[in-house]
Amino acid sequence: MSNEVYGPFPSVDEAVALVDGLQLKGTTADDISIFTNKDHMEELKKRTAVKVETDKSDSDEVKQDTLMDKVKNIFVHTEDSTLNMHDKLVHLGVSDKHATVYMTAIEAGKILVVADDKVRMGHDPLFDSDYDGSLSVRRNV
């Protein structure tokens with residue numbers, strides 16, 4: 001799995017426009033994550049269907065897990081449910097150094113989008129009608 005990092009974006013509108021574009025190109029909502037601070041979290045959740053990540057320690061609305069939640073978490077382990085945003089970025093393949101830079105931007109109010117760059121069924125750039133043979137540089141992590 002290869003992930004592509006977009007941003008950081010200064011506004012919600014720019015991040016949403018990118019997410020919409022990625023989905024139009026065939027990337028599913030399950031393959032896109034947005035990393036932001038608490039200031040943009042609710043608006044991004046309303047305007048997109050993708051996973052919006054924010055540090056739990058950064059949120060005023062941190063819910064305390066009930067006893068049942070804690071028991072459930074023992075048996076149903078999600079791979080990154082306890083990781084902070086920095087660690088989630090590293091888990092997605094971002095270097096520790098870049099994750100630190102991105103976290104500084106996120107804390108300053110910027111928005112980061114990470115999308116799985118897996119080849120989608122029926123999507124091959126060599127056979128796309130608009131492919132002109134030129135090379136483009138994208139930052140894959």
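Rule-based calculations on the coordinates, nothing more; no lab input. Small disclaimer: the values here were computed from a predicted structure and weren't measured. Every residue, glycine as well, gets a Cβ built from its backbone with ideal geometry; the counts of neighbours run over all protein chains shown.
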What is the packing order of peptides 106-118, 88-100, taking the mean over residues of other C-beta atoms within 10 Å and listing the highest first? 106-118, 88-100
Cβ-Cβ cut-off under 12 Å around residue 49, Lys and Arg +1, Asp and Glu -1: the net charge is +1
Modelling each spin label as a point 7 Å along the Cα-to-Cβ direction, I'd like the residue 91/residue 29 distance in nm, to one decimal. 2.1
